[in-house]
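Heads up, the thing below is written out as structure tokens.
Read the figures in this text as sums done on the coordinates, not as results from a lab. Note that the structure is predicted; figures quoted are calculated from it, not measured. Here the Cβ positions follow ideal geometry from the backbone for every residue, glycine too, while neighbour counts run over all protein chains shown.
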């Protein structure tokens, strides 16, 4: 999966449309399963009035197929009603594409109830070192974190990175943040992450409930 690509889109629900938007995304999962073989993983997520999609693709062609597929078309058609900012400002403007650096392969996906997305900006000149740390972290998560059901390190561009992971419950998330990889990132953050641990990592943690999964 290290050669795969990913996308993350956080979208604010239009006023009074949070429940309808959540139902729309939850209902999209079967369509993704049936029509998008190149979409390897797909998650619909919710944090209060913010809805999000995180997905991983086999390659760029699969990502292009996803964004020209039935779910994207339906979201485009309904965005003016469901998304604050509509299609252009509420969806397209919030797309973050990335390359997958390292993963813990998914296990027991359909038991997952909660997810975390963390965006990291490398300190000046430290992009390659942060990329190396995140790349090396995947096997550590796989070997030491049974409650982390999936984990991915992502590179958005030369200086921007992200981590996405899912858990069966909050105890899994707590174990992850008390684990070896979090400890290593905490130790190295003052050197490698703009803002250090508190302002560069913890301040950028976004926790979500999982609505649906492919």
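Structural remarks
- Angle of helix 180-192 to the longest C-alpha principal axis of the chain, folded into 0 to 90 degrees and rounded to 10: 80°.
- Expected 222 nm ellipticity per residue - DSSP helices of 4 or more, -39500 (n - 2.57), all of the chain, to 500: -12000 deg cm²/dmol
- Most mobile of 156, 53, 95 in a GNM of the chain (Cα contacts under 10 Å): 95
- Cα long-axis angle, helix 18-35 against the chain (0 to 90 degrees, to the nearest 10): 90 degrees
- Gyration tensor verdict on the range 95-214 (Cα atoms; rounded if a/c is under 1.5, prolate if a/b is larger than b/c, oblate otherwise): prolate
- Given R0 = 35 Å, the distance between the Cβ atoms of residue 186 and residue 113 translates into a calculated FRET efficiency of 0.85.
- Helix 127-144 and the longest principal axis of the C-alpha atoms of the chain enclose an angle of approximately 90°.
- Packing-based exposure ordering (other Cβ within 10 Å, fewest first) of 84, 198, 165: 198, 84, 165
- Relative frequency of Cα-Cα separations exceeding 15 Å in the range 5-97, percent: 56 percent
- Distribution of pairwise C-alpha distances over the chain, 5 Å bins, in %: 1, 7, 15, 20, 20, 17, 11, 6, 2, 0
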